[in-house]
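Heads up, the thing below is written out as structure tokens.
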Amino acid sequence: DDSGESRSSTEAEAHTHWRNVAILVAGVMLTVNMHRSAFSSVAMVLQKDYAITTSQMGLLHSAQLWGYGAGQIPSGILADKIGGPLILFAGAFMWSVCTAFFPHVASWTNPFIAMVILRILFGFFSAVALPATTATTSQVVPLARRATTISLIYASFNMGTVVGMAATPALTVTGGWSKSFELYGS
């Protein structure tokens, strides 16, 4: 009877699966905060390059939160209905596209309006991060490992800010702010 071997093989695969998913989710969460912090890191450069007033810069900072607020509840509903991993990775793709396109605002007739639109869209798509992460962990991670896994994922989320705030200025000095956004979005 090899049912014992089959069961232990299945258990090992399940154990590996949820750990791999957790590592991927942690990487996505690190990425979202890297992308979020990039704008703050180059705000003064953008203000100078595009002659943005202090009031306009405040509007740009808040525009991401408008989209974020609008996207939170739909993200949670979709993560529950469709599944956390699919919503998380779709959101990551879309917020990365917004990040990669940000350097191209100069080609618009009104770069400031383009920035506002991209910031709102970035916020909307990045709103999936927390609800989809919660759904993913509840769908994939065993209950006995869930709190620790979520703690590690959210630690990665916070480290994204640390990495972004350190890396973006360094990349800006060596290749200009647009290169950091293109790199982050790729």
Members of segment 155-178 that are open to solvent by 70 Å² or more (accessible area, probe 1.4 Å) and either in contact (Cβ under 8 Å) with a residue 12 or more places away in the chain or not in a helix (DSSP H, G or I) (or both) = N158, M159, M165
inquiry  = Among the numbered criteria (1) open to solvent by less than 60 Å² (accessible area, probe 1.4 Å); (2) farther than 15 Å from F181 by Cα; (3) out of contact with any Gly (no Cβ under 6 Å at 6 or more places or on another chain); (4) assigned to a helix (DSSP H, G or I), which one does H61 miss?
reply    = (1)
ask   = Restricting attention to segment 69-80, does a residue exist that is free of Cβ contacts under 8 Å to residues at least 24 places away in the same chain and either over 16 Å from S126 (Cα atoms) or of a type in the set (V, I, T) (or both)?
value = yes
note = Of (1) surrounded by 15 or more Cβ atoms within 10 Å (Cβ to Cβ); (2) over 20 Å from the mean Cα position of the chain (by Cα); (3) part of a helix (DSSP H, G or I), I52 satisfies every one except (3)
Verdict on L121 being in contact with a Cys (Cβ under 7 Å, 6 or more places away or on another chain) and closer than 26 Å to T137 by Cα = yes
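Is there a residue in segment 64-82 that is in contact with a helix residue (DSSP H, G or I) (Cβ under 8 Å, 6 or more places away or on another chain), under 26 Å from V173 (Cα atoms) and either part of a helix (DSSP H, G or I) or open to solvent by less than 80 Å² (accessible area, probe 1.4 Å) (or both)? Walk me through it before giving the result.
Of all residues in segment 64-82, those in contact with a helix residue (DSSP H, G or I) (Cβ under 8 Å, 6 or more places away or on another chain) come to 64-72, 75-76, 78-80.
In the following step, the residues that additionally are under 26 Å from V173 (Cα atoms) were identified as 64.
Applying the additional criterion that residues be either part of a helix (DSSP H, G or I) or open to solvent by less than 80 Å² (accessible area, probe 1.4 Å) (or both) yields 64.
Checking segment 64-82: at least one residue is in contact with a helix residue (DSSP H, G or I) (Cβ under 8 Å, 6 or more places away or on another chain), under 26 Å from V173 (Cα atoms) and either part of a helix (DSSP H, G or I) or open to solvent by less than 80 Å² (accessible area, probe 1.4 Å) (or both).
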Filter result for the condition that a residue is at pLDDT below 95 and closer than 19 Å to V28 by Cα, over V141, V105 = V141
message = If I filter segment 91-114 down to residues being of a type outside the set (V, I, T) and outside any helix (DSSP H, G or I), which single residue comes out as least open to solvent (accessible area, probe 1.4 Å)?
response = N110
request  = From the list T149, T136, pick out the single residue that is touching a Pro at 6+ places or on another chain (Cβ under 6 Å), buried (at least 17 other Cβ atoms within 10 Å of the Cβ) and within 30 Å of W18 (Cα to Cα).
outcome  = T136
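The values are calculated or read from the model by the stated rules, or taken from the named source; none is laboratory data. Please read these numbers as outputs of a predicted model, since none were measured by experiment. Counting neighbours? That spans all protein chains shown, and the Cβs are built from the backbone with ideal geometry, glycine included. Protein only, heavy atoms only, side chains kept; ligands, DNA and RNA dropped before computing areas. Shrake-Rupley method; radii C 1.70, N 1.55, O 1.52, S 1.80 Å.
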